Amino acid sequence: MTRLGKAFNLNTSIRTKTFELAGHTFKVKVPLTTELDAMFVRISEIDDKEVESRLKKMTDALKKDKIEGVEVTKDDVIVNGTSTKETVISVLQMEKRITEYIRLLIPQEGELNDLTYEEIEQEFPLQIQLELIEKITEVIQPGYKDARKN
């Protein structure tokens, strides 16, 4: 505990905020700036093997036949001017972001440190995942949504 924490007898509960979604109250650990920075680094780091695996899965059918609007390159498939590889990277970053943010939730029991996106996907449809992320963002970065508009 820091000198400030000792001076005011602060504990981790001061960094706990709550929000409600669909009648359920969620508790969120508000991260320190260094924790948030580390989280953003983890979100941006994408495993090349995972990109290649997803890309192969998404493009195998497109590579079989000649399709109008589909251009096959050495390491990508361009569909109507959009890179499939860039789409895969965006999807993987979105999944990592969802996972990192949901790990900030304080469970009633146990820990969420090793939670995977696959587990989240089994429990929540994408729309609910996005609502959870929006609520968590509002709690840990109040005013962020308004600041992004400007």
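The values are calculated or read from the model by the stated rules, or taken from the named source; none is laboratory data. Just so you know, these numbers come straight off a predicted model, no measurement behind them. Neighbour counts run over all protein chains shown; Cβ positions are idealised from the backbone, glycine included. The accessibility values were calculated without ligands, DNA or RNA, using every heavy atom of the protein model including side chains. Shrake-Rupley method; radii C 1.70, N 1.55, O 1.52, S 1.80 Å.
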Note the full-extension length gain between E138 and T34 as 0.36 nm times their separation in residues minus their Cα-Cα distance, in nm to one decimal. 35.6 nm
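Roll a 1.4 angstrom probe over the protein heavy atoms and tell me the percent of accessible area of the chain that is carbon or sulfur. Walk me through the numbers before you get to the answer.
Values: 5610 of 10960 Å².
Of all accessible area on the chain, carbon and sulfur atoms account for 51 percent.
What number, in nm² with one decimal, is the all-direction average of the projected area of the convex hull of the alpha-carbon atoms of segment 19-66? Numbers along the way, then the final one.
Values: hull surface 26.2 nm².
Directional mean of the projected Cα hull area for segment 19-66 stands at 6.6 nm².
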Once a ≥ b ≥ c are taken as the square roots of the eigenvalues of the Cα gyration tensor of segment 41-84, is the result rounded (a/c under 1.5), prolate (a/b larger than b/c) or oblate (a/b not larger than b/c)? prolate
Once you've got the GNM for the chain with C-alpha springs shorter than 10 Å, pick whichever of E121, E20, E138 has the biggest mean-square fluctuation. E20
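Counting pairs of Cα atoms in the chain, how many percent are more than 28 Å apart?
On the way: 4142 of 11175 pairs.
Tail fraction, whole percent: 37.
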May I ask you to evaluate 6.51 cos²θ - 1.76 cosθ + 1.60, the Karplus curve with θ = phi - 60°, for each residue of segment 72-77 and list the ³J(HN,Hα) values in order in whole Hz, giving x for glycine and proline? 9, 10, 4, 10, 7, 10
Taking Lys and Arg as +1 and Asp and Glu as -1, residues besides I128 with C-beta under 12 Å from its C-beta add up to -3
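Counting each DSSP H run of 4 or more residues in the chain as -39500 (n - 2.57), what helix-only mean residue ellipticity at 222 nm follows after dividing by all residues, to the nearest 500 deg cm²/dmol? It would help to have the intermediate numbers written out before the result.
Numbers: 7 runs with 81 residues, N = 150.
Computed ellipticity for the chain at 222 nm equals -16500 deg cm²/dmol.
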Extending each Cα 7 Å along its Cβ direction at K64 and S83, get the distance between those two points in nm, one decimal. 2.7
Among the DSSP H helices of the chain, those whose Cα atoms extend at least 18 Å along the helix axis and whose mean Kyte-Doolittle hydropathy is 0.5 or higher are 126-140
Anyone know which of I98, I136, I14 comes out most mobile in the 10 Å Cα GNM of the chain? I14
To the nearest Å², the heavy-atom accessible area per residue of the chain with 1.4 Å probe amounts to 73
Which order do the peptides 107-113, 43-49, 78-84 take when ranked by the mean count of other beta-carbon atoms within 10 Å per residue, highest first? 78-84, 43-49, 107-113
